[in-house]
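A quick write-up on the structure given underneath.
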Number of protein chains: 2
Amino acid sequence: MEDKAQIQEAIKSQGEVVRKLKSEKASKEQIDEEVAKLLALKAQLGDDGKTQFVLKTPKGTRDYNPKQMAIREKVFNTIIRCFKRHGAETIDTPVFELKETLTGKYGEDSKLIYDLKDQGGELLSLRYDLTVPFARYLAMNKITNIKRYHIAKVYRRDNPAMTRGRYREFYQCDFDIAGQYDAMIPDAECLKIVHEILNELDLGDFRIKVNDRRILDGMFAVCGVPDDKFRTICSTVDKLDKMSWEDVKKEMVNEKGLSEEAADQIGEYVSMQGGMDLAERLLQDHKMSQSKQACAGLSDIKLLFKYLQLFHVTDKVVFDLSLARGLDYYTGVIYEAVLTQASAVSAANEAQNCANAEESVSVGSVAGGGRYDGLVGMFDPKGRRVPCVGVSIGIERIFSIMEQKAEASPEKVRTTEVQIMVASAQKNLLEERLQLISELWNAGIKAEVMYKKNPKLLSQLQYCEEAGIPLVAILGEQELKDGVVKLRVVATREEVDISRADLISEIKRRTEA
Amino acid sequence: MEDKAQIQEAIKSQGEVVRKLKSEKASKEQIDEEVAKLLALKAQLGDDGKTQFVLKTPKGTRDYNPKQMAIREKVFNTIIRCFKRHGAETIDTPVFELKETLTGKYGEDSKLIYDLKDQGGELLSLRYDLTVPFARYLAMNKITNIKRYHIAKVYRRDNPAMTRGRYREFYQCDFDIAGQYDAMIPDAECLKIVHEILNELDLGDFRIKVNDRRILDGMFAVCGVPDDKFRTICSTVDKLDKMSWEDVKKEMVNEKGLSEEAADQIGEYVSMQGGMDLAERLLQDHKMSQSKQACAGLSDIKLLFKYLQLFHVTDKVVFDLSLARGLDYYTGVIYEAVLTQASAVSAANEAQNCANAEESVSVGSVAGGGRYDGLVGMFDPKGRRVPCVGVSIGIERIFSIMEQKAEASPEKVRTTEVQIMVASAQKNLLEERLQLISELWNAGIKAEVMYKKNPKLLSQLQYCEEAGIPLVAILGEQELKDGVVKLRVVATREEVDISRADLISEIKRRTEA
């Protein structure tokens, strides 16, 4: 515990910092930050310091209320059902990792990692994604084969001013297949999974773009991009879904120092889209065919399409040479699913308060992934490789769309599954209500009772209408005498007496439909 | 990005710290800590620095493997089903809160809170429990009535050397009822929920101890404990489940400066256990009845038992004056469930590697909670009170017991729900297998296929035995010609030809039983 005088001293000097910033007309953000520190100091003084709390969640985070949770549960259930249908196990890892586990995996984005304070002991960071912890788990436990899903929150100190609507705490929803297998079979299953999930969630039409890192690298090589510029040119290509080709070219030539000629050659390739036929054509392309890497990638794309045909999903899949994807660790096939229906996309934009056009273009992306054969080896002391391919469902975007759909629908989102309310028509029947509801609970029926000794019948019925509870079991003097319960259907207001002995089966019959 | 030379400098001096500690034969823990810092520094150098990773999860945390996850899912399902049966909604809150939100809520335990590094912006801490974020949520959203559950991980920098087997990251599983209601009705429901969950989980016999903070305070008052010693004496009483009365008395008298006479009077009371009758007797007790507070508490205990009788759970509930519970924020009824069967308790001990007797005595505690009517008011700017009562299920302990039971059972824990493997008896049937499995997936059947072009039939069958997959659909030249599939039951090895048209319904029929 720090000394109170010390804290008061700190409050005084922090107060001056805030006053200075205000007088200098500093940015609101900067002032808010310093005010937050001031309030945290004041809070340390405890009860006697008339603490004024800032009632909020941390910047970039949010609570989920019951309605949002009901939607979230529905989406998760659909996704988990699909993962399980494909035989996936699940694992869990801690929310933080040793800092060094994350170091060197995310390139420039490493600055977005949340570090924990050094309170003595290990240096820790909050996980940035689920893929690196997965690779760490495989190497640590010497696992060479697994098909697993992992749904959990990850953390990124993204600048909300730059990427509006993006959260700093958000869910990832990953499915990965690790193991040495024959080419493209697990890769094809990942795309089948994306297809199944997006179909089932009923988000409107979608496309799955496919490419291969080896094709990109081969393309860069034959177009004359110097080896040491592959990565940076790749990340410029990745902006094609948000920027015009002209702007991308400008960045390549002016900022990254690529020759105009090389850029134009790249421009020709990245405008190409197609299916298996395009892969075949490029295998014959006099320039592309000079790259062994590109040929390996193109052959695999052909094989992938063959398997996707057997899965009947080629209608949604397109081989797109402009797809690059940001992450460094991909080594083979990469893919990304985008919603193509304007309505769904605009709903997502609205939900995320994305006003500016630059972002709204790419908001349709709802799943992505690829093959990363080198990542596990980075953790293995002997560098043993475990080939992996996986997909991540963009669950936050899907939540937003589902929330919008729920708002627009006349149907009310129920936040509980209660089947029946145990109510009383007269006073002094609390004990009878408690006895009856206990019987119902013990029979597995979802039931509620009002926590009042003498609630009014009307308020009990109103509660049912608000909460969407379909049935009411009404107890009164007469019903108790007759050994029955008045069963009322909330929607139709019809009432019927049911004997106590038949009540449970009657409730089950009426609510199982 | 820090300068490379700066990092190398830091590595050099950190290396000296480690060498010094080693030469001084410092504790392994201390050395490990400094080595971790050294490695983190080295990792900052990136690829060129031949990084040597420490492959581990942070101290006090663990991964869950698929088997553990299967057990965890089963336990969660039982608990969530119960919460939903009682009409609870669910919410979620961020894993971290503003530091000031947690300040002043946990007394001395505040030192166990994980802080995030100040990377610019707000000061943040990982949540320490789910109750304080719940209270913050209620005050922030001006919610005065809610019945919610929340299952999520919380974080405590507990010293593993002192409390062995306890994790720094662990689940809490909370159910709370907030709102101004008639006395003891929601409180009784909380106990009914504990009763239902412990019954359903089948952990062996249990007891639910009940007491009331007002009874404790009243008892302290009439026994002559000075007002300013209530809290500290209360936390000594809390140790009665781990220490003998003699030792507790010694602490009261020698360490806390209580008079021997007062301690003896407390000793008489805290040895009392009973039911409604004990509450009635104490209401007549010439000393206890002098405290208004104690009388209010005792009357509520009587009322509570009346409702518990209607719920038929009094067989497991005992009014126990020695129950104190650690947390400061309780204001009324408190309770704690303990397992009483030696087998379950010892299983829990083993699972948690609790070798020393001191801890094993209390390891039976699997649920606890109470009434906290003042906490929400601490967050409300106008101090508006929202009475709350809740219960937290000790899920980590329950996991341990369930894991032990699973280990001891001859039945294998399945980590997937796969119903059928699509296999081939000959070579070159990959396409046929992929086509068939796609049909099965589309029909909602959980199915797997080996990711090999030409797997051996034997290895496909062995995989089924290992993974507990009950059925195999075998394709061969003959079957394809006949338009059938050979359906094999893994357990009995019996095989039968099924027409392709009937396959899906036949699989459903056989796996739905």
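Worth a mention:
- Residues that are assigned to a helix (DSSP H, G or I) and more than 17 Å from the chain's Cα centre (by Cα), drawn from the stretch B:201-214: B:Arg213, B:Arg214
- Residues in the stretch B:448-490 that are among the β-branched types (Val, Ile, Thr) and within 43 Å of the chain's Cα centre (by Cα): B:Val449, B:Ile469, B:Val472, B:Val489, B:Val490.
- Qualifying residue in the stretch B:471-482 (condition: acidic (Asp, Glu) and within 13 Å of chain A (Cβ to nearest Cβ)): no
- Here B:Glu448 qualifies as facing chain A (nearest Cβ under 10 Å), assigned to a strand (DSSP E or B) and without any contact (Cβ under 8 Å) to a residue 40 or more places away in the chain.
- For the stretch B:141-153, the set of residues classified as surrounded by fewer than 19 Cβ atoms within 10 Å (Cβ to Cβ) and under 19 Å from B:Leu375 (Cα atoms) consists of B:Asn141, B:Lys142, B:Ile143, B:Thr144, B:Asn145, listed by residue number.
- Tally of residues being surrounded by fewer than 16 Cβ atoms within 10 Å (Cβ to Cβ) and either at the interface with chain A (Cβ under 7 Å from one of its Cβ atoms) or part of a helix (DSSP H, G or I) (or both) across the stretch B:454-468: 6
- Unique residue being among the hydroxyl-bearing types (Ser, Thr, Tyr), more than 29 Å from A:Ile437 (Cβ to Cβ), assigned to a helix (DSSP H, G or I) and in contact with a Leu (Cβ under 9 Å, 6 or more places away or on another chain) when the list is B:Ser299, B:Ser289, B:Ser322: B:Ser289
- Looking only at residues in the stretch A:126-137 that are part of a loop (DSSP other than H, G, I, E, B) and within 20 Å of B:Glu122 (Cα to Cα), the one that is nearest to the other protein chains (Cβ to nearest Cβ) is A:Arg127.
- Considering the stretch A:314-324, the residues that are surrounded by fewer than 20 Cβ atoms within 10 Å (Cβ to Cβ) and of a type outside the set (S, T, N, Q) include one that is farthest from the chain's Cα centre (by Cα), namely A:Asp315.
- Pairs meeting the criteria (first residue in the stretch B:250-262 and in contact (Cβ under 8 Å) with a residue 12 or more places away in the chain, second residue in a helix (DSSP H, G or I) and hydrophobic (A, V, I, L, M, F, W, C), beta carbons under 6 Å, at least 6 apart or on different chains) are B:Met252/B:Ala263; B:Leu258/B:Met252.
- Test: residue in the stretch B:260-267 that is touching a Ser or Thr at 6+ places or on another chain (Cβ under 7 Å), farther than 28 Å from A:Lys453 by Cα and assigned by TED's automatic domain parsing to the domain that holds B:Leu321: no
- Among the residues listed as A:Gln284, A:Gln273, A:Gln265, A:Gln293, the single one being closer than 22 Å to A:Thr340 by Cα and surrounded by fewer than 21 Cβ atoms within 10 Å (Cβ to Cβ): A:Gln273
- Enumeration of residues in the stretch A:177-188 that are buried (at least 20 other Cβ atoms within 10 Å of the Cβ), at the interface with chain B (Cβ under 8 Å from one of its Cβ atoms) and either within 25 Å of the chain's Cα centre (by Cα) or hydroxyl-bearing (Ser, Thr, Tyr) (or both): A:Ile177, A:Pro186, A:Ala188
Every residue, every condition in (1) of a type in the set (S, T, N, Q); (2) under 23 Å from B:Pro66 (Cα atoms); (3) outside the structural domain of B:Lys67 (by TED's automatic domain parsing), yes or no:
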residue	(1), (2), (3)
B:Gln426	yes, no, yes
B:Ala447	no, yes, yes
B:Tyr451	no, yes, yes
B:Gln460	yes, yes, yes
B:Tyr463	no, yes, yes
B:Gly476	no, no, yes
B:Val484	no, no, yes
B:Val496	no, no, yes
B:Ser505	yes, no, yes
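- In the stretch A:192-200 there is at least one residue matching the filter, namely being surrounded by 17 or more Cβ atoms within 10 Å (Cβ to Cβ), under 22 Å from the mean Cα position of the chain (by Cα) and of a type in the set (Asp, Glu).
- Flag if A:Leu487 is assigned to a strand (DSSP E or B) and away from every other protein chain (no Cβ under 13 Å): yes
- The number of residues in the stretch A:221-237 that are part of a helix (DSSP H, G or I) and at pLDDT below 95 comes to 11.
- Enumeration of residues in the stretch B:310-319 that are part of a helix (DSSP H, G or I) and more than 9 Å from chain A (Cβ to nearest Cβ): B:Thr314, B:Asp315, B:Lys316
- Residue satisfying condition, being in a helix (DSSP H, G or I) and assigned by TED's automatic domain parsing to the domain that holds A:Tyr335, within set A:Leu191, A:Leu240, A:Leu198: A:Leu240
The values are calculated or read from the model by the stated rules, or taken from the named source; none is laboratory data. In this text, all values refer to a predicted model and were calculated from it rather than measured experimentally. Every residue, glycine among them, receives a Cβ derived from its backbone with ideal geometry; neighbour counts consider all protein chains shown.
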